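The values are calculated or read from the model by the stated rules, or taken from the named source; none is laboratory data. Keep in mind that what you see is a predicted model, and the values were worked out from it rather than measured. Glycine gets a Cβ as well: all are built from the backbone with ideal geometry, and neighbour counts include every protein chain shown.
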């Protein structure tokens, strides 16, 4: 059963539908531009999810007409140095918390993903975008370098030269171009976006959660290891998975020629 734990006015809403948690950025009048209260709420929600082993998939999305238009420029204009610190600190900590979870992270993107919004999207394991969505890293357009992990994720997704083009030119990309360049996994009609993401998130939530967590970390950390170190990490992760209830379930289901019913433990 679906339930929302935040008020309609909260800058970020946390909802649960079984094992799937949804974090919805909720400043629609500002295209969900992230201000300090939203950044702090994002960190609180991430910590809450990390402490709940029943969460087996997490969806990021935005209320209103867009996913997120970036950082709140009015906040940054008033006190640039302090505001940047107050925004970036909780955002970075929240992403670190979410990255350490076993639950996969899915971004459901529509309208616009710009600046910090695009950076947040890039941290997801999977991205579904509505047709017509516009993407722009945008930082260079206000005379800034990037944050929220864009410089880590972007070269890994599209390669160094294309990452530099996206970052340094500050040009808007279409949903078709984002798909072609590997920024998103799928582009779907806007009317079908939520249904597609819900079904996909549930599919992941029904999977072997510990194994999915080991896979997402093995893939993400592989760029920082040589082959022997990566092989050692794979062996460790496999041994950890082999001790889980889901591993036994999967093996038994294979021999029984039946679909495995994983419990996430």
Task: Set 33, 15: member being in contact (Cβ under 8 Å) with a residue 12 or more places away in the chain, touching a helix residue (DSSP H, G or I) at 6+ places or on another chain (Cβ under 9 Å) and either in the same structural domain as residue 153 (by TED's automatic domain parsing) or buried (at least 16 other Cβ atoms within 10 Å of the Cβ) (or both) - done: 33
Open item on the list: Being farther than 25 Å from residue 245 by Cβ, touching a strand residue (DSSP E or B) at 6+ places or on another chain (Cβ under 8 Å), touching a residue at least 12 places away in the same chain (Cβ under 8 Å) and in a helix (DSSP H, G or I) is the requirement here; does residue 178 meet it?
Closed with: yes
Open item on the list: Quick test of your reading of the structure: residue 184 fulfils all but one of (1) surrounded by fewer than 16 Cβ atoms within 10 Å (Cβ to Cβ); (2) outside any helix (DSSP H, G or I). Name the failing condition by number.
Closed with: (1)
Open item on the list: Out of the residues in segment 223-262 meeting the condition of being touching a helix residue (DSSP H, G or I) at 6+ places or on another chain (Cβ under 6 Å) and not in a helix (DSSP H, G or I), tell me which one is nearest to residue 19 (Cα to Cα).
Closed with: 262
Task: Qualifying residue in segment 142-158 (condition: part of a loop (DSSP other than H, G, I, E, B), out of contact with any helix residue (DSSP H, G or I) (no Cβ under 8 Å at 6 or more places or on another chain), at pLDDT below 95 and more than 18 Å from residue 106 (Cα to Cα)) - done: yes
- [ ] Name the one entry in 171, 192, 165 that is within 20 Å of the chain's Cα centre (by Cα) and at negative phi.
- [x] 192
Task: Every pair of residues 6+ apart whose Cβ atoms lie under 7 Å, when the first sits in segment 143-155 and is in the same structural domain as residue 119 (by TED's automatic domain parsing) while the second is not in a helix (DSSP H, G or I) - done: 146/137; 149/123; 150/137; 153/123
TODO: Could you identify the single residue in 105, 87 that is surrounded by 16 or more Cβ atoms within 10 Å (Cβ to Cβ) and more than 25 Å from residue 210 (Cβ to Cβ)?
DONE: 87
